[in-house]
Amino acid sequence: MRYGLLVEGAPYSSQASHSALRFAMALIARGHRVESVFFYHDGVYNASRLAAPPQDEPHLHDAWCSLHAEHATRLQVCIAAALRRGLLDSREADRHGKSGHSVEPPFELTGLGQLVDLGHSVDRLVTFAP
Amino acid sequence: MPTCPPVTGDVLVILRHAPHGSSWLREGLDAALVAAAFGQSVTLLFQGDGVLALAKGQQGGPLGQKGTAATLDMLAMYDIESVHFDPEALERFGLAQQDLQLPATAVDAGSLPPMIAGHRLVLTF
């Protein structure tokens, strides 16, 4: 089956992101396809390239990037939720006159319409909320 | 308590958080409005603390949050007219149907499974 995941929990604040990642790996191990992970609400913090957790803890940002690299899973981030929380890609940083950016590919800033599209294009959309 | 006939549509948005104190409700409503703007038929279900969002006369909170009353007024413009609430939660907060800001229908626990099954996409906030 083709799956989409909706992640609404901040990394390291709740189990939501960890569970979503493990669920994605379990799906793939069973031969399913994870088309896209959509990050919304505090889930957008997963996209921060500046995350530097202690070395003996799972690095969620890097794990999402590996998921993309190995399985071509798209990593979509709601742009409105991200900007509000101080997460910008280089284009948005320029636009808002900020001196740095925290989001870069494979994460892509996108609109909520993409979440609706995703929900209708996959067989299952599973939400991970705190 | 009245039962609700089966409610079907493209997208069901379930709102379980109070209008102030977090951005859950606002971001849930944003998702509903975007889905409607994309031509989807959207059903809203206010559950638990979420029913507080329906209470009349809400203003911006002391934290400077805009609140969601204005967004609720916009629902009709987006053709979102299928608005439902959990009657037990309403009662728990001492609210009655005439205290609500907009017309909404009670959905009892038994009508929930067909409502959820009747939507291709369910988003929970």
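Which one, A:L67, A:L88, A:H120, projects farthest toward the positive side of the charge dipole computed for region A:2-124 from Cβ point charges (K/R +1, D/E -1)?
A:H120
Calculate, axis by axis, the spread of Cα positions in chain B along the three principal axes, and write the results as whole Å, longest axis first.
Here the spans come out as 39, 34, 21 Å, largest first.
Residue by residue through region B:78-90, what is 3J(HN,Hα) from phi via Karplus (6.51 cos²θ - 1.76 cosθ + 1.60, θ = phi - 60°)? Round to whole Hz and write x for glycine and proline.
Working through the residues one at a time gives 8, 6, 9, 10, 8, 10, 10, 9, 8, x, 5, 5, 4 Hz.
Collect residues whose amide H, placed 1.01 Å from N in the peptide plane, falls under 5 Å from the amide H of B:F46; neighbours closer than 5 in sequence don't count.
Result for B:F46 returns B:L15, B:H84, B:F85, B:D86.
Let a ≥ b ≥ c be the square roots of the eigenvalues of the Cα gyration tensor of region A:2-124; is it rounded (a/c under 1.5), or, if not, prolate (a/b larger than b/c) or oblate?
oblate
Could you order the peptides B:33-39, A:115-121 from most to least packed, using the average number of other C-beta atoms within 10 Å per residue?
In decreasing order of mean packing, B:33-39, A:115-121 become A:115-121, B:33-39.
Give the percent of DSSP beta bridges with both residues in chain B that are antiparallel, rounded to the nearest 5.
Approximately 5 percent, going by the DSSP bridge assignments.
For A:L125, list long-range residues whose amide hydrogen, built 1.01 Å from N in the peptide plane, is under 5 Å from its own amide hydrogen.
Close amide H contacts, sequence-distant or interchain: A:G4.
To the nearest 10 degrees, how steep is helix A:60-71 against the longest Cα principal axis of chain A, on a 0 to 90 scale?
50
Which value, in debye to the nearest 20, gives the size of the charge dipole of the protein assembly as shown about its Cα centre, when Lys and Arg are +1 and Asp and Glu are -1 at the Cβ?
The calculation lands at about 260 debye.
Quick one: compute the contact order of chain B, relative version, from alpha carbon pairs under 8 angstrom and 6+ residues apart, as a percent.
Answer for chain B is 39 percent.
Under the rule of -39500 (n - 2.57) per DSSP H run of 4 or more residues, summed and divided by the residues of the protein assembly as shown, what mean residue ellipticity at 222 nm is obtained, to the nearest 500 deg cm²/dmol?
Rounded to the nearest 500, it is -8500 deg cm²/dmol.
For region A:36-45, in order, what is each residue's ³J(HN,Hα) by Karplus, 6.51 cos²θ - 1.76 cosθ + 1.60 with θ = phi - 60°, in whole Hz (x at glycine and Pro)?
Ordered by residue, 3J(HN,Hα) equals 7, 10, 9, 9, 9, 6, 6, x, 4, 5 Hz.
What is the antiparallel percent of DSSP beta bridges lying wholly in the protein assembly as shown, to the nearest 5?
Bridges in the protein assembly as shown are about 5 percent antiparallel.
Under a 10 Å cutoff between Cα atoms, tell me which one of B:A31, B:A89, B:A76 has the largest fluctuation in the Gaussian network model of chain B.
Fluctuation is largest for B:A76.
Bear in mind these aren't lab numbers, they're just calculated from the coordinates by the rules spelled out. Because the structure is a prediction, the values reported are computed rather than measured. Neighbour counts run over all protein chains shown; Cβ positions are idealised from the backbone, glycine included.
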